[in-house]
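Laboratory data are not the source of any read-out in this text; all were calculated from the coordinates shown. Note that this is a predicted model, so its numbers are computed, not measured. Positions of Cβ are backbone-derived with ideal geometry, glycine not excepted, and every protein chain shown enters the neighbour counts.
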Amino acid sequence: MRIIDTYSHLNGEEYLIARKPDILKEIYDVIEKVDASECITKKSNEKTMKGKRLYSPRALNNKYKVLFNSSGWDESRYDYYITTNRDNLNIIVNLTTREQKKYLKSVENGEPLKSYKQTDFVKENVAVEVQFGKYAFVAYDLFIKHMLFYSGGMIDVGVEILPVMSMLKDPKGGRMMSTGIAYFEGEVYNVLRHGRTSPPVPLFIIGIAP
């Protein structure tokens with residue numbers, strides 16, 4: 001696959017170039033090694049393109065998973081306790097999970113609620129999410145998941161890999177992916193609309209196509 005376009009938010013790309021050039025090269029190498037033509041395996045059930053073969057998000061994700069894992073990128077999980085009190089949140093955000101629970105039990109009623117977030121690939125404090133899913137999943141990555149890992153001190157920058165619009169369409173004007181799939185141009189627009197400092201985490205968004 002090829003990199004068609006990129007967007008750097010809060011100097012995400014600049015950080016990778018200056019501090020993690022080898023990590024950035026690994027990301028580029030993985031993208032280049034993926035053969036998307038081998039992933040046109042999904043048979044559409046949509047009325048407008050019944051039976052048409054489309055890119056399979058699952059097959060594409062599997063290819064990225066194999067390549068990233070073989071380069072030492074692993075899943076990472078961030079556990080935390082939930083509070084709806086902003087003052088308590090500010091206190092526990094940098095505590096260990098055990099310390100969070102202990103503190104919340106001392107100041108709030110009831111048993112604290114535990115939750116977690118999981119990200120696809122992490123290496124040397126860089127998180128990569130590869131998304132060929134619906135809009136909501138990408139928004140969740142950009143505005144919640146990367147931010148939680150960043151505020152929790154587990155990453156320094158988040159990388160989001162997305163298809164560009166041209167990948168969603170075939171040359172004849174039809175579609176090559178299911179409807180509702182998020183795409184690079186639309187998600188960069190959403191980040192821009194939120195302002196220069198939102199989300200408050202350095203991001204590098206990469207738009208790809210076959």
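Mind listing the Cα extents of region 73-163 along all three principal axes, in Å, largest one first?
Taking max minus min along each principal axis of the Cα atoms, region 73-163 gives 46, 28, 18 Å.
Read phi for every residue in region 75-82 and hand back ³J(HN,Hα) as whole Hz from Karplus 6.51 cos²θ - 1.76 cosθ + 1.60, θ = phi - 60°, with x for Gly and Pro.
Per residue, the Karplus-derived 3J(HN,Hα) values read 5, 9, 10, 10, 8, 7, 10, 9 Hz.
Between region 142-210 and region 72-133, how many Å separate their Cα centres?
Between the Cα centres of region 142-210 and region 72-133 lies a distance of 22 Å.
Beyond a 26 Å Cα-Cα separation, which of these cross-linked pairs lie in this structure: K47/K134; K63/K134; K20/K114; K134/K172? All intermediate terms of the calculation are to be shown ahead of the outcome.
On the way: K47/K134 18 Å; K63/K134 19 Å; K20/K114 33 Å; K134/K172 23 Å.
Too far apart for the 26 Å limit: K20/K114.
With label points built 7 Å along Cα→Cβ from the Cα atoms of D29 and I3, find their separation and express it in nm.
Spacing of the two 7 Å Cα→Cβ label points: 1.4 nm.
From Cα pairs below 8 angstrom and at least 6 apart in sequence, can you work out the relative contact order of the chain, rounded to a whole percent? Show your work: numbers first, answer last.
On the way: 341 pairs, mean separation 60.3, N = 210.
So the answer I get is 29 percent.
Determine Rg/Rh for the chain; Rg is computed over alpha-carbon atoms and Rh is the Kirkwood hydrodynamic estimate from the same atoms.
On the way: Rg = 19.0 Å, Rh = 18.5 Å.
Rg/Rh for the chain comes to 1.03.
Build a GNM of the chain with springs between Cα atoms under 10 Å: which of D120, D74, D22 gets the top mean-square fluctuation?
Looking only at D120, D74, D22, the largest GNM fluctuation is found for D22.
Specify, per residue and in Å³, the volume enclosed by the convex hull of the alpha carbon atoms belonging to region 116-201. If you can, show how the numbers build up before the last one.
Details: hull volume 8.3 nm³, N = 86.
Hull volume normalised by residue count: 97 Å³.
Quick one: P(r) of region 27-115 from all Cα-Cα pairs, 10 Å bins, percents rounded to integers, in order of increasing distance.
For region 27-115, the pair-distance distribution reads 14, 26, 13, 20, 20, 6.
If you build a Gaussian network model of the chain, linking Cα atoms that sit under 10 Å apart, which residue out of E111, E14, E26 swings the most?
Most flexible of the set in this elastic network: E111.
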